[in-house]
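Asks: Take a look at the following structure, please.
The values are calculated or read from the model by the stated rules, or taken from the named source; none is laboratory data. Keep in mind the model is a prediction, meaning the values are calculated, not measured. Positions of Cβ are backbone-derived with ideal geometry, glycine not excepted, and every protein chain shown enters the neighbour counts.
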Amino acid sequence: MLHVFASDDQKFGDTFYMHVPTFADRAERKALLEWTSVNFVPRRAVPRRALPVVRHDADSHVEAVKAYLGSAPVTLFTNRDVGAKRWPAVNLWREETKTVIPLDAGAGTVIVPKAAVIHVREQIYDYPHIDKTKRNWLQGEPLDVVFISNGESNAEANWERLQEVLHQQRNRLHRVDGVDGRVAAYQAAAQASTTPWFFAVFAKLYVSDRFDWTWQPDRLQQAKHYIFHARNPVNSLEYGHQAMIAYNRRMTLENTGQGLDFTLDQPHEVVPISSGVARYADTAWSAWRTAFRECIKLRHSLPDVESQYRLDQWLTVGHGEHGVFSVMGAQDAMTYYDRVGGDFEQLRKTYEWSWLSSYAMIVRPQLFTQSST
């Protein structure tokens, strides 16, 4: 028989006691080691050698794994100091059991078998064998939360709401106020953050008390931004508009905002989890400008079935006291888009508050009369 001693907690261990002539004769006729007569020796384990550790500061493990030249059958990749711990032992008997094992919710620390390295191109998921059952082995560092405001009428109420929701959470909270320009505001938020990703909470968002603030980005993929959902009470839509975004700090600081949407200019992923309610229609002016800017983006993304549906909702549905001004903003956006023929440089002007204010004074002067009453 082939007597097998466990490697730490791994039953399919690396230490054998065997009759060599018998095993040599049978091994050539057995495709798998366990097809021989195996006795798993109880209560006698052999410690496996300590895993080699690759510590790096990147936001994803992809490039570190691709560049790895070590010969160890299994290696630990991590972006933080994890100290000396006892790690799960990988089953090395079959190709499909040589699994990548994330050890926390965001895979900041992950065990990678040597067999996986040659498969990785764009993401660790290029390798088909991933075991996510050990994601609670370590506790991940919670992401910072940055509240971004610029004179919104409901900013203080939503700021107090955010503080209340985060009261018993481990996330650090920061606030960025009055920064002129969308790129500058987002980059100021990134500068305030102390974590590689941060939750950006915009001042018009009334955050949900059900949101999971322990959520983590997936470091088995290339770095990207993550867009959550928010419910729009004015037109009954629920998607990424005005929702919370988990921004990658490094990418945010590199983004020069050349497109119509700062977030969509870089790799991103939609996370269909509600982050709260978008309360953008407290005043006529706020309702109009928010709808105008969003509908310029939606119109520019056509043809797209989902964008067309959302655009139709903005153009026709306006619940609440200032809902009519939201519909006006959507309609005025279509008029402007057609007037400039979709010219990209003309469309980019709509992202500056000063330009929007000047344009609104010409086409909808009643906005400011309504907002002041």
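Asks: Looking only at segment 77-128, count how many residues are of a type in the set (A, V, I, L, M, F, W, C) and under 25 Å from the mean Cα position of the chain (by Cα).
Replies: Total satisfying the criteria: 14.
Asks: Just one of 180, 209 is in a loop (DSSP other than H, G, I, E, B), without any contact (Cβ under 8 Å) to a residue 60 or more places away in the chain and either buried (at least 22 other Cβ atoms within 10 Å of the Cβ) or in the same structural domain as residue 264 (by TED's automatic domain parsing) (or both); which is it?
Replies: The conditions single out 209.
Asks: Please specify each residue of segment 222-263 satisfying the condition of being among the aromatic types (Phe, Trp, Tyr) and within 19 Å of residue 204 (Cβ to Cβ).
Replies: The answer is 228, 239, 247, 262.
Asks: Another one. Would you say residue 187 is under 22 Å from residue 264 (Cβ atoms) and crowded, with 20+ Cβ neighbours inside 10 Å?
Replies: yes
Asks: Also: Does segment 232-283 hold any residues that are hydroxyl-bearing (Ser, Thr, Tyr) and in contact (Cβ under 8 Å) with a residue 40 or more places away in the chain, and which are they?
Replies: The answer is 236, 239, 247, 252, 256, 274, 275, 280, 283.
Asks: For segment 291-301, does any single residue satisfy the condition of being touching a helix residue (DSSP H, G or I) at 6+ places or on another chain (Cβ under 6 Å), buried (at least 17 other Cβ atoms within 10 Å of the Cβ), polar (S, T, N, Q) and not assigned by TED's automatic domain parsing to the domain that holds residue 232?
Replies: Taking every residue of segment 291-301 in turn, none turns out to be touching a helix residue (DSSP H, G or I) at 6+ places or on another chain (Cβ under 6 Å), buried (at least 17 other Cβ atoms within 10 Å of the Cβ), polar (S, T, N, Q) and not assigned by TED's automatic domain parsing to the domain that holds residue 232.
Asks: Suppose the filter is assigned to a loop (DSSP other than H, G, I, E, B) and either in the same structural domain as residue 349 (by TED's automatic domain parsing) or under 21 Å from the mean Cα position of the chain (by Cα) (or both); does residue 151 pass it?
Replies: Here the answer is no, as residue 151 does not meet what is asked.
Asks: Now, a different point. Given the residues 109, 133, 97, which is the only one that is farther than 30 Å from residue 206 by Cβ, buried (at least 21 other Cβ atoms within 10 Å of the Cβ) and of a type in the set (S, T, N, Q)?
Replies: Every option except 109 fails the conditions.
Asks: Here is a follow-up. So which helices (runs of 4 or more DSSP H) are wholly in segment 332-373 and hold at least 3 residues that are over 25 Å from residue 149 (Cα atoms)?
Replies: The qualifying helices (runs of 4 or more DSSP H) are 344-348.
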